[in-house]
Every structure is written in structure tokens, then in C-alpha cells.
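This report concerns only the one structure given below.
The values are calculated or read from the model by the stated rules, or taken from the named source; none is laboratory data. This one's a predicted model, so the numbers in the text were calculated from it and none came from an experiment. So basically every Cβ, Gly included, is an ideal-geometry build from the backbone, and we count neighbours across all protein chains shown. All accessible areas refer to the heavy atoms of the entire protein, side chains included, with ligands and DNA or RNA removed. Shrake-Rupley method; radii C 1.70, N 1.55, O 1.52, S 1.80 Å.
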Amino acid sequence: AILENSIADKLEPTLDWIQHRLDLSDSGLSKIIQRMPNLSSCSVDTNLGLKLDWLQQRLDLDCAAVSGMIQQYPPILGCSIPNKLAPTLDWIQQRLSLTNDTLAKFVQRLPALFGYSVDANLEPTLNFYIEALGDKSEALILLTQNPVLFGVSLEKRLKPRLEEARVAGLDIDAGCLSRIGKYTNKQWIASVDFQTRQLPPEQ
């Protein structure tokens, strides 16, 4: 009983702090803890508080915006600042040539970016779009406007669909690549069929 009480005494203040700091409802707090159960045992002063303050300062966001990011992707709170948060933001800003303002808007649209590896995911995906379009500037515009395109499997979706589009004789432009990344399988098949029928007949 003593052990149970000591655990409760430690966890309750942390949970209360998380709920207050992120302005969460009871259900909102529950959803975050379900995805990140170890949060309740993290230090507020040396861990959680530092990360939230750092994100707010780095991205120049208010509490509500940071809370929205955490609710979309709670694992952010499990990321190391020097090993994950900082280098990921630096890479995105530098490689996509984003201002501080556009960087903040970009990551708010896809907070799960913090869960991706720069070397294994982000860099190869960026290179895919650059090579497919043959124009770096056009690729950067496409990705900046559509952060979700970074969240698509390179091997399972992007590369196979690009090959399908090429075999079908379609123009590989920004619109085509957007459909490659965003469409469901059913939508993609229908799109290829439609686009193929619009092609001029072979002479």
C-alpha cells in the first residue's frame, strides 16, 4: 500500500502538469498517455518542460500550437532535443529552404516528421521527388506545400507508382507526383486509367 501511494504521489503531479501545460481535456490527456505511457514518469523540470519550452522558442509558437502538435504526435515528447528535435528541424529548414515562419507551419501540418530518420527517410524521399521531376526548385515547392508527401513509403508506394506512371506514358509533373503520394490504391488505379485514356492515340 505504501508503494502504491508513493507511485500515485509521483504520477499525479506529473499528469496534472501535462494536462495544464497542454490545456488538455481528460480524454485528451488519456489519449496521450495511452500512446506514451512512460510520460507520467518523466521529470517535468529536466525533461518535459524543457522540450516544450524549446519547441515553443525554436518555432516561435504559442502554447495552443505546441499542444496541437503533441496531440497529433505524442512521441515528440520522447524525442531528444540534441539528437532528434534540433537536427530534424535544422535539416527540414535547410534542405527545403524554409524561413522560420514557414518551418513552423510545415511541421505543424505533419508533426510525425519528428519520428522519421533524416538519413533513412527524409533525405531519400526528397531525392526521389527531385529526381522524378528533374527540377529541384519545383520539387521543393511541391513538398513545402504538401508535407504529407514525406509520410509515404518510398519502396511500397512512391517508386512502384512512378514506374507505373512511366510505363503508362503519363507526364511526370508535380500533379502526377502529388497523386502518386496521396491517392489510395483505388484512386490511383482510376487516375492512371483516366489519364491514359486522355493520351493522344499513337500514330
It is to be established whether one or more residues within segment 43-57 are open to solvent by 60 Å² or more (accessible area, probe 1.4 Å) and closer than 22 Å to LEU177 by Cβ. no
Could we say that LEU85 is under 19 Å from ILE18 (Cβ atoms), among the aliphatic types (A, V, I, L, M), modelled with pLDDT of 95 or more and open to solvent by 30 Å² or more (accessible area, probe 1.4 Å) here? no
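Assess whether ILE189 counts as being open to solvent by 20 Å² or more (accessible area, probe 1.4 Å), assigned to a helix (DSSP H, G or I) and either charged (D, E, K, R) or free of Cβ contacts under 8 Å to residues at least 24 places away in the same chain (or both).
yes
Yes/no per residue for (1) touching a helix residue (DSSP H, G or I) at 6+ places or on another chain (Cβ under 9 Å); (2) among the small types (Gly, Ala, Ser); (3) closer than 25 Å to GLN71 by Cβ:
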position	(1), (2), (3)
GLN94	no, no, no
TYR116	yes, no, yes
THR144	yes, no, yes
VAL148	yes, no, yes
LEU158	yes, no, no
ARG166	no, no, no
ALA174	yes, yes, no
THR196	no, no, no
Among the residues of segment 160-173, how many are in a helix (DSSP H, G or I) and open to solvent by 30 Å² or more (accessible area, probe 1.4 Å)? 5
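Yes/no matrix, rows are residues, columns are (1) exposed (fewer than 14 other Cβ atoms within 10 Å of the Cβ); (2) at pLDDT below 95; (3) within 29 Å of TYR73 (Cα to Cα); (4) not basic (Lys, Arg):
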residue: GLN108; (1), (2), (3), (4): no, no, yes, yes
residue: TYR116; (1), (2), (3), (4): no, no, yes, yes
residue: ALA120; (1), (2), (3), (4): yes, no, yes, yes
residue: ILE130; (1), (2), (3), (4): no, no, yes, yes
residue: GLY134; (1), (2), (3), (4): yes, no, no, yes
residue: THR144; (1), (2), (3), (4): no, no, yes, yes
residue: LEU149; (1), (2), (3), (4): no, no, yes, yes
residue: LEU158; (1), (2), (3), (4): no, no, yes, yes
residue: LEU177; (1), (2), (3), (4): no, no, yes, yes
Give me the residue from segment 113-138 that is assigned to a helix (DSSP H, G or I) and among the polar types (S, T, N, Q) and, out of that set, nearest to the chain's Cα centre (by Cα). ASN121
